[in-house]
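All of the numbers you see were taken from the coordinates with simple rules; none came from a lab. Predicted, not measured: the structure shown is a model, and the values here were computed from it. Because the Cβ atoms are built from the backbone with ideal geometry, glycine has one as well, and the counts that use them run over all protein chains shown.
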Amino acid sequence: MDKTRRAFIIYDLIKRNRVTNRQEIKRILREEYDDFTSIRTISRAITHLEQDFNIDIKYDDERYNIEDQSMLNESLAEYFDSLHFRLYTLGFHDDPRFEENVIYDTRHRENITKVNNVLSSILLAITKRIPIRFNYKKYRCDKIIEVTLEPYYLKEYQLNWYVEGINKDKNEKRTYGLDRLTNLHLVNELTFARDDDYPVSNPNLVGISGKDIHGSKEVQEVKVKLISRYLSEYIQNNPIHSSQKRLHTDEQGYSTYSYKLIINYEFVGELMRLDKNCKVLAPDMLITHMKSLLTEMLEHYKD
C-alpha cells in the first residue's frame, strides 16, 4: 500500500471516530485492508498528514482527534468528501472486482485511474504552496504547451477533475483538466504566497467555464418553463444552480424557474439535457442561441 493511501485511510478512521489509538489503527488496517504494517509506520503516516497536508491531529484523553476541521484546505475538504476519496481508501479505485457486486458507472473508475497518479501530488503542492509544472493539450488543439501554475484548488465536475490556480506566465486565473496534463512535477525550489482575496469559487457558474456563450462574464436572469410534471418535481429536488427559484406552477403541474448566472456552455448543456420538455422564456439572446442549436441539429438529419 502506498503511503498516501495509508495516511488517508488513517485520516478517515480518526475523523469517523472509529479508532482511539495506534493499536486499533493497526488492527483495522490488517483486518479490513490486508495491510500488515507496524506501529512505527502508522506514526510516520500521521506525521505525513500533519506535515505535508497541514492536518492538525491531536492525541488527548486516550483518543486521536482532528483539530479545527473548519480550517482544512478547501480542496482537501472537497476531496475528502468525494467519491474518489471513498473508493481510494477502500482500494476500489483500480479494482475490477468492484463491478462484480456494485451497479456502478464505470466511467468513475476509468477517470479515477487516469488521474490518480497526480491527485496526491497536486494536493501536496496546494497545501505546501509549491508551484507545479506540466505539459497540457487542449481538446481542440494539437499543440502541447508547458504550464507553470500556482495551484489553489482541485475541483470535480461531471466525473472529471480540474486544478485551478494562477498561471505564472499569463499572471491570471486558469483551470486545467487533469486528464489532459502530463509530466507533472512540483517545482520544489520555489514557493508562493497565496492571495487571500482569491475567490474560492464563482457562485454564478454551472460547471467550469468562466465565460458565457458569447465570451462575456455578465450575470443574467434566465427564465425556463418545464413542460413536464415529472421534470418540474425533479428539478425542484435537484437544482441546476444555487440561484434556482420556482416562480409558479400552473394547473397542469408545469413549473417556471428563474436563474441568475453566467450563461456558459455547461448551463446550456443542462438545458439541452431536458430536451423537448424545456422552453427558454428569457433572455432573448439565450432563446436565439437555443433555436440556432436546434436548427443545426436538424440539419444533421436531413440526409
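The P(r) of the chain has a tail past 37 Å containing 30 percent of all C-alpha pairs. Here the chain is treated with +1 on each Lys and Arg Cβ and -1 on each Asp and Glu Cβ, and its dipole about the Cα centre works out to around 320 debye.
Considering only C-alpha atoms, what is the centroid distance from region 246-303 to region 151-179, in Å? Between the Cα centre of region 246-303 and that of region 151-179, the gap is 29 Å.
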